[in-house]
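Engineer: Could you have a look at this structure, given as structure tokens, before my questions?
The values are calculated or read from the model by the stated rules, or taken from the named source; none is laboratory data. Worth saying up front: this structure is predicted, and the values here are computed from it rather than measured.
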Amino acid sequence: MVSDIGLASALPLYFTAHFHVTQVAAGLIVSPIVFFGSTFRPVGGAIADRIGGIKSLTFMFVVVSACYFGVALLPEAPASGGWGLIRFPFDHFAFAISGHQ
């Protein structure tokens, strides 16, 4: 639970500093991440109870490491559309909330 609190408070700052999104848009981007992390925590606990904590943690470290390695091999620039396609709905939703045109 502590990791969710740290993620919920630090990740929006990262998005505003490095991707220059508004604070509202950063909060909207981070909200689903924290929600899914909190939702799937019991699933991870059930898997750890069934196969063992060390085995499940080792498996997840291998999966995450493979994903990081795959991301490291991606080209430097994003594909056509890239971050803008992800950011687009959040920016427009943030403008709708704030009333700015």
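Engineer: Which of the helices (runs of 4 or more DSSP H) contained wholly in the stretch 16-80 include at least 1 residues that are at pLDDT 90 or above?
Structural biologist: Numbers: elements: 23-39, 41-51, 53-72.
Once the helices (runs of 4 or more DSSP H) in the stretch 16-80 are filtered for at least 1 residues that are at pLDDT 90 or above, what remains is 41-51, 53-72.
Engineer: Still on this structure, I have one more. Given the condition of a type in the set (D, E, K, R), modelled with pLDDT of 85 or more and assigned to a helix (DSSP H, G or I), answer yes or no: does some residue in the stretch 81-90 qualify?
Structural biologist: Of the stretch 81-90, the ones of a type in the set (D, E, K, R) are 87.
Narrowing further to those that are modelled with pLDDT of 85 or more: none.
Looking through the stretch 81-90, none of the residues is of a type in the set (D, E, K, R), modelled with pLDDT of 85 or more and assigned to a helix (DSSP H, G or I).
Engineer: Condition first: under 17 Å from the mean Cα position of the chain (by Cα) and among the hydroxyl-bearing types (Ser, Thr, Tyr). Now tell me which residues in the stretch 53-77 satisfy that.
Structural biologist: Result: SER65, TYR68.
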